[in-house]
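See structure below.
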Amino acid sequence: MTAPADLAGRFRRLISATGPIGVAAYMGEANAHYYAARDPLGAAGDFVTAPEISQMFGELVGLWCADLWDRAGRPAAAWVELGPGRGTLTADALRAMRAAGLTPPVHFVEASPALRAEQARAVPAAAWHDDPASLPADVPLLVIANEFFDALPVRQLVRTESGWRERVVVPEGDRFACAAGTVPMDAAIGAAWAEEPAGTIAETRPAAQAVMADLAARIAAQGGAVLAIDYGYDTPRTGSTLQAVRGHRKVDPFEAPGTADLTALVDFSALRGAAGNSAVHAWGPVGQGRWLEALGLGQRAAALAAARPRRAADVAAARRRLADPAEMGELFRVLALTAPTWPAPAGFSAEAR
Ligand code: SAH
């Protein structure tokens, strides 16, 4: 395990030996270091996610799966979570699914040794995978990804006076900075953005596209569903959305790599498009708030408040944080894929593809 100071040094040596590195390589390496050694979640960590705000989130995700599975004829199915953090979502979902008669084996796709240890405390019976390739191939999969795709590396391209170039990372004093690479990259940009003004940045996310295409092909063949929840946007747009968060504050993504959480907004049209070669149905994206309320967030909050009146204000606050359009309700989007032979999922309006 390389210490963060060594990671900056390693980037410097690599760049001086072989030339500038792409933004995706920088982000991927920095996050691998960041997650490998720590649990970044919670008030004492760097950021808070929906399952850590309230048990209601994981419970409703579990009930969404149980309902879909029930209407699909209750086949033997496996539960999969990508990047499960502390394992909280799965633990809450398992409890809700058990009440509905669904007790699937649990598979976690997780790169971080530190977080695998946390997840083992929450869900001792889980099986761990380095990537989706080793997931079961013979049963329907119920796949959940909450704030997973936003942590996967983005590649950036920048428009210069002489066309599109890779956006690369170079040392600048004791930090790093971005510059335009030398190789023409116009072929990597769609016609719609060919003539954007100099300085325009475009983001793509090859790793996320590959995971989504792989999972779509899996559920097309095996049955099941994929549920991706993340902060992002529905229609393609330009601009860098790369950000770094440490101790609940935004910091410079190009300073001290490996010591802050690097994320970028998820382009849901691209994620949905990545599934396009498979015969799956795609649903959404819709706002997280609308989706949770359609699944019964209000009723669940009322039941929890009635069971523990002294916690009623906390439950109401958690519901607002998860669903209010001014909080997570609109910025966080929900996209689902379902197998061609499976029914329509709850929480989305009728239109599918
Ligand atoms: N889903 C959790 C955690 C989100 S943080 C929650 O909502 O609380 C991102 C998670 O993805 C962490 O568990 C991190 O270790 C994992 N992760 C990031 N990049 C990964 C990669 N390339 N492969 C596997 N897991 C990854």
**Asked** Picking from 221, 177, which residue would you name as being under 24 Å from the mean Cα position of the chain (by Cα), surrounded by fewer than 17 Cβ atoms within 10 Å (Cβ to Cβ) and not in a loop (DSSP other than H, G, I, E, B)?
**Response** 221
**Asked** Within the stretch 271-288, can you find the residues that are in contact with a strand residue (DSSP E or B) (Cβ under 7 Å, 6 or more places away or on another chain) and farther than 27 Å from residue 321 by Cβ?
**Response** 275, 280, 281, 282
**Prompt:** Pick from 279, 305: which is of a type in the set (A, V, I, L, M, F, W, C) and modelled with pLDDT under 95?
**Reply:** 279
**Within the stretch 32-61, considering residues that are farther than 30 Å from residue 296 by Cβ, assigned to a loop (DSSP other than H, G, I, E, B) and touching a strand residue (DSSP E or B) at 6+ places or on another chain (Cβ under 8 Å), the one nearest to the ligand (Cβ to nearest atom)** = 40
**Asked** From the set of residues in the stretch 78-107 that are assigned to a strand (DSSP E or B) and more than 9 Å from the ligand (Cβ to nearest atom), which is surrounded by the most Cβ atoms within 10 Å (Cβ to Cβ)?
**Response** 80
**Asked** Among the strands (runs of 3 or more DSSP E) confined wholly to the stretch 235-333, which include 2 or more residues that are surrounded by fewer than 18 Cβ atoms within 10 Å (Cβ to Cβ)?
**Response** 243-246, 249-251
**Prompt:** Somewhere in the stretch 149-156, is a residue touching a helix residue (DSSP H, G or I) at 6+ places or on another chain (Cβ under 8 Å), open to solvent by 10 Å² or more (accessible area, probe 1.4 Å) and in a loop (DSSP other than H, G, I, E, B)?
**Reply:** yes
**Message:** Looking for something in contact (Cβ under 8 Å) with a residue 24 or more places away in the chain, out of contact with any His (no Cβ under 9 Å at 6 or more places or on another chain), assigned to a loop (DSSP other than H, G, I, E, B) and away from the ligand (no atom under 14 Å from the Cβ) - is there at least one such residue anywhere in the stretch 110-129?
**Reply:** no
**Asked** Within the group 138, 186, 150, 174, which residue is of a type outside the set (Phe, Trp, Tyr), more than 16 Å from the ligand (Cβ to nearest atom) and under 27 Å from residue 36 (Cβ atoms)?
**Response** 174
**Asked** Could you list, in sequence order, the residues of the stretch 1-59 that are open to solvent by 30 Å² or more (accessible area, probe 1.4 Å), more than 17 Å from residue 261 (Cα to Cα) and of a type outside the set (D, E, K, R)?
**Response** 1, 14, 16, 17, 18, 20, 53, 55
**Message:** Against the definition (within 14 Å of the ligand (Cβ to nearest atom) and among the small types (Gly, Ala, Ser)), how does residue 207 come out, yes or no?
**Reply:** yes
**Request:** Could you tell me which of the residues 71, 159 is over 19 Å from residue 47 (Cβ atoms), charged (D, E, K, R), away from the ligand (no atom under 16 Å from the Cβ) and surrounded by 23 or more Cβ atoms within 10 Å (Cβ to Cβ)?
**Result:** 159
**Residue that is within 18 Å of the chain's Cα centre (by Cα) and at positive phi, where the choices are 273, 284** = 284
**Request:** Quick one: residue 164 ticks every box in (1) aromatic (Phe, Trp, Tyr); (2) within 26 Å of residue 45 (Cβ to Cβ); (3) over 16 Å from the mean Cα position of the chain (by Cα) except a single one, so which number is it?
**Result:** (2)
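The values are calculated or read from the model by the stated rules, or taken from the named source; none is laboratory data. On a predicted model such as this, the values are computed, not experimentally measured, just so you know. No Cβ is skipped: glycine too gets one built from the backbone with ideal geometry, and neighbour counts run over all protein chains shown. For accessibility, only protein heavy atoms count, side chains too; no ligands or nucleic acids. Shrake-Rupley method; radii C 1.70, N 1.55, O 1.52, S 1.80 Å.
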